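Before any comments, here is the structure.
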Amino acid sequence: MSLRSTTLRSRKRFTIGLVAGVAALSLAACTSNDSGGGDDAASAPTSAAAAGSNDESGDKVVIGFSAPAADHGWMGSITESAKTEAAKYDDVELRVADGTNDVSVQISQVETFINDKVDAIVLLPFDGAAMTPVALKAMDAGIPVINVDREFDDPNAARVTVLGDNYGMGVSAGAYVCEQADGNKDAVVAEIAGIDSLPLTQERSKGFKDALAECGLNVDNRVAADFTVEGGSDAAEQLLQAAPKIDYLWNHDDDQGVGVLAAIDNAGRDEFTMIGGAGSKNAMEAIKSGDSVLKATVIYPSTQAADGVKLARLLVQGKSMSDLVEVEVPRTVQLYAPVVTADNVDQFIGTAFTS
């Protein structure tokens, strides 16, 4: 059974395919594809305006941006990617608030954007529920809010929501394990999760379990970490002591994976295949080298806020995603969770974050 067929079958059964179809267009579809360029770097447009009509300069758009503190690689890339994308457009002014994990500070940042009458707000909330009232206030003031990654409690608090696919990450990781196991129903599967109390961790674990069930496997050993290097190391030490034999190990997060790999090296364990999560540059370099137990990782895009900036610009300028027939920007865009291996790593490493 191929990885492609396993993944497609799993995603049909678990209804991911519908949303992934939108994601397959990529948010590059915010711009025209009429440039005629090929896939190589030499044929890529040298500026946003060169890509097509949607990227041609238009009315100035002032976008307020707020996200949590960059206390790990993925979150740092969220803000940097947004800045990089905004800089491609001479008609975009991105006002970036200091990253904060203090909800009251983030609320005040959004209130400042409202008072300044920005044209749109791109917001990755530290706490979606806590940020819902001020997001509603912005929407009521006629300022479209683009909600990134962590959803608000009320769908009316955002004009567009850009999401990764946590359940899909689990499905992709499980489908990869199924393909590698190749019918071996005795394979020992382990899992190092993130923070267990978070819905995103629960969704990833559920997707993994559901996909494994497709080929008769289950999770034999599971521990939870906390998305930090230290937490990953501690969780891996605990797991390795409890499981004298492992065939496949899925670690939910490549930031905590730095600690996981260190613990694996310290224990001298190399009998299993490890799959990462989120898609860091560090992980992809290890995969490319072939010198590690890490053989694959599952993408959770750190480009979500950059996509939010592109969508905010389209909304304010009254444009749509040019690869869609629909004349309005969609309400929800959920990005795909592909598996990165040595075979396709070069396709993804350019947009990967550094742990």
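Does GLY216 count as touching a Cys at 6+ places or on another chain (Cβ under 9 Å) and either crowded, with 22+ Cβ neighbours inside 10 Å or free of Cβ contacts under 8 Å to residues at least 40 places away in the same chain (or both)?
So GLY216 passes the test.
Confirm whether ILE246 is at pLDDT 95 or above, buried (at least 19 other Cβ atoms within 10 Å of the Cβ), touching a strand residue (DSSP E or B) at 6+ places or on another chain (Cβ under 7 Å) and assigned to a loop (DSSP other than H, G, I, E, B). Walk me through how you get there before you give the answer.
On the way: at pLDDT 95 or above: yes; buried (at least 19 other Cβ atoms within 10 Å of the Cβ): yes; touching a strand residue (DSSP E or B) at 6+ places or on another chain (Cβ under 7 Å): yes; assigned to a loop (DSSP other than H, G, I, E, B): yes.
So ILE246 passes the test.
Taking the conditions exactly as written (among the basic types (Lys, Arg) and within 22 Å of VAL339 (Cα to Cα)), does ARG222 satisfy them or not?
In short, yes.
Restricting attention to region 160-177, which residues are of a type outside the set (S, T, N, Q), out of contact with any strand residue (DSSP E or B) (no Cβ under 6 Å at 6 or more places or on another chain) and open to solvent by 10 Å² or more (accessible area, probe 1.4 Å)?
Applying the first criterion (of a type outside the set (S, T, N, Q)) to region 160-177 yields 160, 162-165, 167-171, 173-177.
Checking which are out of contact with any strand residue (DSSP E or B) (no Cβ under 6 Å at 6 or more places or on another chain) leaves us with 164, 167-168, 170-171, 174-175.
Passing the criteria: only TYR167.
If I filter region 222-235 for residues that are crowded, with 24+ Cβ neighbours inside 10 Å and within 22 Å of ALA181 (Cβ to Cβ), do I get at least one hit?
Looking through region 222-235, none of the residues is crowded, with 24+ Cβ neighbours inside 10 Å and within 22 Å of ALA181 (Cβ to Cβ).
For a quick check of your reading of the model, give me the residue pairs whose first member lies in region 137-164 and is among the acidic types (Asp, Glu), whose second is surrounded by 22 or more Cβ atoms within 10 Å (Cβ to Cβ) and outside any loop (DSSP other than H, G, I, E, B), with beta-carbon atoms closer than 6 Å and at least 6 apart or on different chains.
From residues that are among the acidic types (Asp, Glu), the pairs are ASP149/GLN304.
Being β-branched (Val, Ile, Thr) and either within 22 Å of MET139 (Cα to Cα) or surrounded by fewer than 16 Cβ atoms within 10 Å (Cβ to Cβ) (or both) is the filter here, so list the residues in region 78-99 that pass it.
Selection gives THR84, VAL92, VAL96.
Of all residues in region 190-213, count the ones that are open to solvent by 40 Å² or more (accessible area, probe 1.4 Å) and over 15 Å from GLN256 (Cβ atoms).
Residues in region 190-213 being open to solvent by 40 Å² or more (accessible area, probe 1.4 Å) and over 15 Å from GLN256 (Cβ atoms): 7 in total.
For VAL258, all conditions in the list (1) modelled with pLDDT of 95 or more; (2) closer than 19 Å to TRP74 by Cβ; (3) part of a loop (DSSP other than H, G, I, E, B) hold save one; what is the number of the exception?
Failed condition: (3).
Among the numbered criteria (1) touching a residue at least 60 places away in the same chain (Cβ under 8 Å); (2) of a type outside the set (Phe, Trp, Tyr); (3) open to solvent by 50 Å² or more (accessible area, probe 1.4 Å); (4) outside any loop (DSSP other than H, G, I, E, B), which one does ASP59 miss?
Looking at each condition in turn, ASP59 falls short on (4).
Name, by its number, the condition in (1) more than 30 Å from GLU111 (Cα to Cα); (2) at pLDDT 50 or above that does not hold for ALA86.
For ALA86, the exception is condition (1).
Looking only at helices (runs of 4 or more DSSP H) that lie completely in region 271-355, which have at least 3 residues being within 30 Å of VAL177 (Cα to Cα) and open to solvent by 10 Å² or more (accessible area, probe 1.4 Å)?
Values: elements: 281-289, 304-316, 345-348.
Filter on region 271-355 gives 281-289, 345-348.
Taking the stated definitions as given, is ASP140 at pLDDT 95 or above and open to solvent by 40 Å² or more (accessible area, probe 1.4 Å)? Don't jump to the end; show me each part of the working.
Numbers: at pLDDT 95 or above: yes; open to solvent by 40 Å² or more (accessible area, probe 1.4 Å): yes.
Here the answer is yes, as ASP140 does meet what is asked.
May I ask you to list the residues in region 62-109 that are among the hydrophobic types (A, V, I, L, M, F, W, C) and under 20 Å from ALA129 (Cβ atoms)?
Residues satisfying the conditions are ALA67, ALA69, MET75, ILE78, ALA97, VAL103, VAL105, ILE107.
The values are calculated or read from the model by the stated rules, or taken from the named source; none is laboratory data. The shown structure was predicted, so the numbers you read here are calculated from the model rather than taken from an experiment. Please note: Cβ atoms are built from the backbone with ideal geometry, for glycine as well, and neighbour counts cover all protein chains shown. We work out accessible area using only protein heavy atoms, side chains counted, and drop any ligands, DNA or RNA first. Shrake-Rupley method; radii C 1.70, N 1.55, O 1.52, S 1.80 Å.
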